[in-house]
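The values are calculated or read from the model by the stated rules, or taken from the named source; none is laboratory data. This structure is a prediction, so every number in the text was calculated from the model and none was measured. Glycine gets a Cβ as well: all are built from the backbone with ideal geometry, and neighbour counts include every protein chain shown.
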Amino acid sequence: MSIYNIPVKTIKGQEIQLDQYQGQVLLIVNTASKCGLTPQYEGLQQLYHDKKSAGFEILGFPANDFLEQEPASEAEIEEFCSLNYKVDFPLFSKITVVGETKHPLYQYLTSAQPTRVGGEAFQQKLEKANIPVRSLPEVLWNFEKFVVNKQGEVIARFSPDTLATDPQLIEVIEAELNK
């Protein structure tokens, strides 16, 4: 199976396959509107704006898996992201990113890249707050980031608290864009 054969739905409900992004570097992020990490939309939008012309796409997949921090409908999510963060990178319909009902995209991403860069301190914060944490290869929380190269291979995975301005994340993206 290839990432390009996985069917997804856009935020407007249109069924597509990810093959339309073939030849581009992708950053795939599970998002939520009511999370302490939600302000990351701003940095993600800036990164998208800065790198889009070089062949870069961010794909946002809202998920309600972590303390029900994305309870909104697709229309409400789209409006929230547009009004509050001026998001114009592609958003998709809500999916499940953990557990038995995990969407095939996240089954693929987490099996292709079962470990993440960073996240230890963030995981400890969750545990100290008595928030259940799933073991790897499961996604830790909202805003975990997967980098996919131009050939559709998952080449890196970053913890939810990794910002879009993180030098290590930028380095991986730029290295792939320059190949």
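Numbers below:
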item: Qualifying residues in the range 9-44 (those that are farther than 22 Å from Pro160 by Cβ and among the acidic types (Asp, Glu)) - the one surrounded by the most Cβ atoms within 10 Å (Cβ to Cβ); result: Asp19
item: Residue that is farthest from Ser111 (Cα to Cα), among those in the range 153-166 that are touching a Gly at 6+ places or on another chain (Cβ under 9 Å) and not aliphatic (A, V, I, L, M); result: Thr165
item: Per-region count, the range 119-137, residues at pLDDT below 95 and at positive phi; result: 1
item: Residue check, Leu47 touching a residue at least 60 places away in the same chain (Cβ under 8 Å), surrounded by 15 or more Cβ atoms within 10 Å (Cβ to Cβ) and under 25 Å from Pro137 (Cα atoms); result: no
item: Subset of the range 1-37 that is in contact with a Gly (Cβ under 6 Å, 6 or more places away or on another chain) and polar (S, T, N, Q) - its residue that is farthest from Leu105 (Cα to Cα); result: Gln24
item: Residue check for Ile77: within 19 Å of Ile155 (Cβ to Cβ) and either of a type in the set (Ser, Thr, Tyr) or in contact (Cβ under 8 Å) with a residue 40 or more places away in the chain (or both); result: no
